[in-house]
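> Can you keep this structure in mind? I'll have questions shortly.
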Amino acid sequence: MTSIEPAAPPLTFTPVTGALGAEISGVRLDADLDPGTVRTLREGLNRHRVLFFRDQSHLDDRGQTEFARLLGPVTPHPLLNGFEAADPVTRFDSLEIRANQWHTDVLFIERPPAFSVLRAVSVPTTGGDTLWADTVAAYARLPRPLRALADELWAVHSSANDYVLRGDRRSSSLAERLEEIVFSARHPVVRVHPETGERALLLGLTARRFEDLSGKEAALVHGLLQAYVENAENTVRWRWSAGDVAIWDNRATQHYAAADYDFRRVMHRVTVDGEAPLSVDGRRGVALSGDGSAFAAAG
């Protein structure tokens, strides 16, 4: 008689706020997840933008990477992993850097990541939360004239504006290594989500300038649009415990790691390959400087 494997328990999605984010129970993240569960997680990302998983302390760097590969080819960070491009794990240590500015991951290359998988290794007893904002909802809240303006804008994103160089605390050795690394890319300010067809604002701190606008005009427009992203009703805030994992859709969110703590905070992240952002009129983002091809798909 052929034995029948018991069915996996259904996943439970519990919304964290009315805006975005859901806590998931009923799953142990690893490389052996069945295709149906992976498909359900991807559908959940399209709906909730950010998924949170408690009690995943069984994961190490290898396990985290192998799980992330279920979502697509993994990609090292061009700046922090640029000296060891084969390593897909980016290690964020608060003794070197704090990412306490609103941003979308790695917008300064042609193909920014589609998804990010972040694991809490060591967290302070108080503080160190991460916030996410829904950039699809932010676009939808724009008044019609502002949507029309945003639809036509293109921005140049530069690694010189990234939190890696602008963060409030970093080691001098890291700074020296990064001084001569410059990546830049041209992307639409409004991108069309490749899976849902929704429109999302593509902004954050790496946007160095807007084409066809002066520096003063660009600063005013950027501040106006970014305010819709950062509106409190458009965000979710997660209080970390060691072993927690968050997965987010990098194509539909920005995030911010609050630097309100005095103890060491260590987080490990793996990103999944994305595509060049698509504008509302069908054009794609392009690289302007730096060779990001080595970081587009490490496998």
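The values are calculated or read from the model by the stated rules, or taken from the named source; none is laboratory data. Predicted, not measured: the structure shown is a model, and the values here were computed from it. For the accessible areas, the whole protein counts, side chains as well, though only heavy atoms, and no ligand, DNA or RNA atoms are used. Shrake-Rupley method; radii C 1.70, N 1.55, O 1.52, S 1.80 Å.
> List every residue whose amide H lies under 5 Å from the amide H of ARG208, counting only residues 5 or more places away in sequence or on a different chain, with H placed 1.01 Å from N in the peptide plane.
VAL156, HIS157, SER158
> Once amide H atoms are placed 1.01 Å from N in the peptide plane, what residues at a sequence separation of 5 or more from GLU23, or on another chain, have their amide H within under 5 Å of its amide H?
Sorted by chain and number, the residues that satisfy this are THR14, VAL16, PHE52.
> Determine the gain in length on full extension of the stretch ALA140-GLU43; use 0.36 nm per residue of separation and subtract their C-alpha separation, reporting nm with one decimal.
Values: separation 97, 0.36 × 97 = 34.92 nm, distance 2.05 nm.
Difference between extended and current length: 32.9 nm.
> Now a separate question. Not counting ligands, DNA or RNA, and with a 1.4 Å probe, what is PHE92's accessible surface area in Å² rounded to the nearest 10?
In the full protein context, PHE92 sits at about 30 Å².
> Same structure again: Got a sec to turn the phi values of the stretch 265-277 into Karplus ³J(HN,Hα) couplings, 6.51 cos²θ - 1.76 cosθ + 1.60 with θ = phi - 60°, whole Hz, x for Gly and Pro?
Couplings: 10, 10, 10, 10, 10, 10, 10, 10, 3, x, 10, 4, x Hz.
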